[in-house]
Amino acid sequence: MDKKIFMDYLPDELVDMGIKPKFRVNQLYTWIYRKYVENFDEMQNIPKTLRAELKDKFIINPLELVNHEIASDGTEKFLFKMQDGHTVETVLIKMKDEEIKDGKKKEAKYTVCVSTQVGCKVGCAFCLTAKGGFVRNLSAGEIVAQVWWMKKFKNFDENKALNIVYMGMGEPLDNYENLVKAIKILADQNGMNISPRRQTVSTSGIAPKIKKLGNENLGINLAISLHAVDDKLREELIPLNKAYNIQSVIDAIREFPIDKRKKVMFEYLVIKDVNDDIESAKKLVKLLNGIPSKVNLIYFNPYPGTNFKRPDDETMKKFQDYLINKGIMCTIRKSKGMDISAACGQLREKKLKND
Ligand code: SAH
Ligand code: SF4
């Protein structure tokens with residue numbers, strides 16, 4: 001019989017599977033998620049008989065590292081192979097260097113960009129992940145293990161808090177159950193203890209699932225890949241817009257429980273001569289009226305075979321200035337990791353070609 005993946009399970013599920021009492025599960029969580037141990041034999045405070053049983057039933061970590069690249073700006077990209085041979089990528093982005101402030105050392109800050117599917121069903125016109133079609137959902141453990149790997153590989157302190165964005169390959173809300181489970185496993189206090197307030201789900205706009213996620217009241221942050229302000233263009237870029245148009249997405253967002261100190265992030269992929277005009281910026285301001293929002297402008301990152309073009313810096317700046325003048329917080333995402341193709345799906349693509 002195939003072994004189960006330990007990282008797939010929440011503490012209560014493990015108890016239900018016969019790992020009792022609960023404090024044993026907590027101990028296992030600590031060994032795995034805080035000490036980065038992936039061999040049951042090393043877990044000294046776990047009775048030998050239980051260790052043998054666990055070894056029989058489970059493997060701990062489902063991901064094998066097959067490629068690692070570092071860009072000149074410090075962005076690191078990891079390619080992992082799963083048990084069935086499919087690969088996924090994870091990106092580790094350094095948001096802030098270590099610094100000394102008022103005589104005190106402040107740690108570097110990192111964000112982990114995780115994948116939730118191999119491929120994607122949504123089929124956005126600009127996205128490389130979409131080109132290969134949909135292969136399969138990742139299990140909760142395959143999502144969790146990406147973050148676990150970052151902590152282990154970088155030898156981060158067990159208390160180091162990372163930010164997590166579900167912005168890698170795949171549409172997270174299309175893998176709803178496993179996504180929610182992964183959020184909870186990552187947040188478990190005996191494990192990595194990464195609060196949902198540090199986690200952000202990015203979606204292309206599956207309106208009913210946004211509502212469902214809101215109803216779970218997890219405290220999670222929301223990012224919406226908007227990319228266009230009228231339905232005609234948005235349908236061309238994101239086919240899912242036919243099922244859930246812009247208004248339905250906005251309505252779902254209005255119902256979403258947003259932390260008072262937080263905002264909804266709207267991602268706007270800027271494509272030259274497609275959606276980079278000031279008229280679009282104007283419509284965007286209207287659309288976001290009344291929603292605590294921040295806009296993140298993203299340069300389209302070209303890849304071989306695409307007709308879309310990267311906008312120039314001046315156009316980006318004009319778009320940003322317009323929004324800021326209207327009182328909307330707006331940042332331009334620096335093209336982190338350009339030299340290692342760190343946009344969604346691009347490393348995997350490169351590796352598959354070279355194999
Ligand atoms: N499916 C989810 C999350 C993963 S996609 C979503 O669409 O929100 C994550 C981000 O990658 C999206 O905001 C998308 O706009 C961006 N992306 C996709 N292709 C890109 C490209 N060629 N250049 C730059 N960003 C890209
Ligand atoms: Fe899927 Fe997001 Fe890529 Fe669209 S942008 S195809 S939703 S991964």
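Could you name the aspartates and glutamates whose alpha carbon sits less than 20 Å from that of K96, not counting residues in the same chain fewer than 8 places away?
Filter leaves E69, D73, E76, E107, D157, E158, D339.
Quote the FRET efficiency, to the nearest 0.05, computed for E158 versus K121 with a Förster distance R0 of 30 Å and r equal to the Cβ-Cβ distance.
For R0 = 30 Å, the calculated efficiency reads 0.25.
For the chain, what is the charge dipole size about the Cα centre, in debye to the nearest 20, if Lys and Arg each add +1 at the Cβ and Asp and Glu each add -1 at the Cβ?
Charge dipole of the chain: 760 debye, to the nearest 20.
Near K286, which aspartates and glutamates are there with a Cα under 17 Å away, not counting those fewer than 8 places off in the same chain?
Here the aspartates and glutamates satisfying the reach criterion relative to K286 are D230, D231, D251, E267, D276, D277, D321.
Per residue of the chain, what 222 nm ellipticity follows from adding -39500 (n - 2.57) for every DSSP H run with n ≥ 4, rounded to the nearest 500?
Theoretical 222 nm ellipticity from helices: -9000 deg cm²/dmol.
Relative contact order, percent, of segment 4-59 when contacts are C-alpha pairs under 8 Å separated by at least 6 residues?
Relative contact order of segment 4-59: 38 percent.
As a quick test, which of the pairs K184/K283; K272/K294; K106/K260 have an alpha carbon distance above 31 angstrom in this structure?
K184/K283
Obtain the nm distance between the two label points defined at D277 and K57 by a simple spin-label model: each point lies 7 Å from its Cα along the Cα-to-C-beta direction.
Between D277 and K57, the simple spin-label model gives 6.2 nm.
Ignoring any ligand, DNA or RNA, what whole percent of the accessible area of the chain comes from carbon and sulfur when the probe is 1.4 angstrom?
Ligands and nucleic acids excluded, carbon and sulfur give 47 percent.
Using only Cα atoms, tell me the angle between helix 176-187 and the longest principal axis of the chain; keep it within 0 to 90° and round to the nearest 10.
60 degrees
Cut-off 10 angstrom, C-alpha nodes, Gaussian network model of the chain. Which of K211, K309, K154 fluctuates the most?
Highest fluctuation of the listed residues: K154.
Using a 1.4 angstrom probe with every protein chain in place, what is the largest-first accessible-area order of Y244, Y110, Y268?
Ranking Y244, Y110, Y268 by accessible area, largest first, yields Y244, Y110, Y268.
Tally the DSSP beta bridges in the chain and give the antiparallel ones as a percent, rounded to 5.
In the chain, approximately 45 percent of DSSP beta bridges are antiparallel ones.
Relative contact order for the chain: what percent, with Cα pairs under 8 Å and sequence separation of 6 or more?
15 percent
Taking the 0 to 90 degree range and rounding to the nearest ten, how far is the long axis of helix 313-325 tilted relative to the main principal axis of the chain, both from C-alpha atoms?
90 degrees
Might you tell me the accessible area per residue for the chain, computed with a 1.4 Å probe and given in Å²?
I get 47 Å² per residue for this part.
How tilted is helix 48-57 with respect to the longest principal axis of the chain? Cα atoms for both, answer in degrees (0 to 90, nearest 10).
Taking the Cα atoms of the chain, the angle to 48-57 is about 50 degrees.
Quick one: Cα centre-to-centre distance for segment 257-304 and segment 176-224, in angstrom?
So the two Cα centres are separated by 21 Å.
The values are calculated or read from the model by the stated rules, or taken from the named source; none is laboratory data. On a predicted model such as this, the values are computed, not experimentally measured, just so you know. A quick note on method: Cβ atoms are made from the backbone with ideal geometry, for glycine too, and the neighbour counts reach across all protein chains shown. Note: accessible area is taken over every heavy atom of the protein model, side chains too, but ligands, DNA and RNA are not part of it. Shrake-Rupley method; radii C 1.70, N 1.55, O 1.52, S 1.80 Å.
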